[in-house]
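Note sheet for the following structure.
Each value in this text was obtained by applying a stated rule to the coordinates, not by laboratory testing. The shown structure was predicted, so the numbers you read here are calculated from the model rather than taken from an experiment. Neighbour counts are summed over all protein chains in view; Cβ atoms, including those assigned to glycine, are modelled from backbone coordinates with ideal geometry.
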Amino acid sequence: MKILVAVKQVPARDSPLRADASGRAIAEADLTFEINEPDAYALEEALQLKEKYGGEVVAVTAGPPRAGQTIREALAKGADRAIHIEEDRLESWDTLGAAELLARAMEREQPDLILTGLQSDDLGNGQTGVAIAELLGLPHVTIVMQVEKTGGALRVKRELEDGWFQTIDLPTPAVLTIQSGIHKLRYATLMGIKKAKTKEVRRVTAAELGVAPAATVEIARIYAPPRTKRTEILDGSPQEAARKLVERLRFTERVI
C-alpha cells in the first residue's frame, strides 16, 4: 500500500509572532519552525499502517528550502522518501491553491491512500485534505480516529460530537484527515536520522506541476488583538451568579 502524507512546516508555538512591514504576513526573522503537529499524527498513522500492512510512506510538502527540515524529520521517523514542492512564497497561495499544488504532485504517484492532519497550527482552516480529495475526485473522511484495511477497501472510525463515533467503509484510493492524538508520536532514532540522509527527496516546482498561484482568498491585515480590561458584575444570589458565570464561560467565552 502506497501512502502519501501531506506535512507542513509551521512556526514553532513558542516563536514570537509579529506582522512584517506589509502588515499582511508574519515576520520570519525571529521565527523557528517545526512540523505541523496534526500532520505529525497523520505521519504516525501512515507509519503504523505500513508496519501492519506493508508498502511505503511518502512525505509530501510545499514550501521554501527551509521546509527541508520538516522533510528530514519525516524521513528520520520512517518515511521511505519525500517530495518537496519548492515554493518560496507559499503565503501567497490560499488553501485551494496549496491543495492544488499538493494534489498535482500526489496524482503522479497514484497512491492507495492520502493522509493529512486535521488542520494546520498556523492558519487552522481545516480544508486542505478535503480540497485535495475534491481536486483528485477521491472519497474522503475527516476527523479519523482509527483506520483498518479490509481487503481492497478501508474501514475508518471518525469522531463526532458528545462522545459519538461513526464507522465508514470506503474504497481506495481515498483521502483521510487524521485527528490529533490518534497515537503516541514516535521520536526519530539516531539510526533513523542517519538513514534519512540517503533517502530520496524529489524536488519539483509549481511550474513543473502546471499550477500557477491564483488566490481566491486574500489576507488583508495581520495584527495582534488589543488588550483590554473589563469588569462585569453578575446580579442575583450566589447560586444565580455562579450559573450565569458558567453560562458566560461556556457559551460566550467558550473556555469550558
For the stretch 1-45: relative contact order, % (alpha-carbon pairs under 8 angstrom, 6 or more apart): 46
Choice from T198, T128, T228 showing the highest fluctuation, given a GNM over the chain with Cα pairs closer than 10 Å: T228
Listed peptides 148-154, 230-236 by packing density, highest first (mean Cβ within 10 Å): 148-154, 230-236
Shape call, the stretch 1-56: gyration tensor on alpha carbons, a/c limit 1.5: prolate
Selected from A29, A105, A196 as most flexible by GNM, with the chain as the system and alpha-carbon contacts under 10 Å: A29
Contact order relative to length of the chain, as percent, for alpha carbon pairs under 8 angstrom and 6 or more apart: 23
Dipole in debye (nearest 20) - the stretch 98-256, about Cα centre, beta carbon charges: Lys, Arg +1; Asp, Glu -1: 780
Least to most buried among V147, V57, V246 (fewest other Cβ within 10 Å first): V246, V147, V57
At least 15 Å along the helix axis (C-alpha) and Kyte average at least -1.0, DSSP helices within the chain: 37-53, 95-107
Rounded to 5, percent antiparallel among DSSP beta bridges of the chain: 40
Which listed pairs, of K50/K197; K149/K197; K149/K194; K77/K157, have C-alpha distances above 23 Å, in listed order: K149/K197; K149/K194; K77/K157
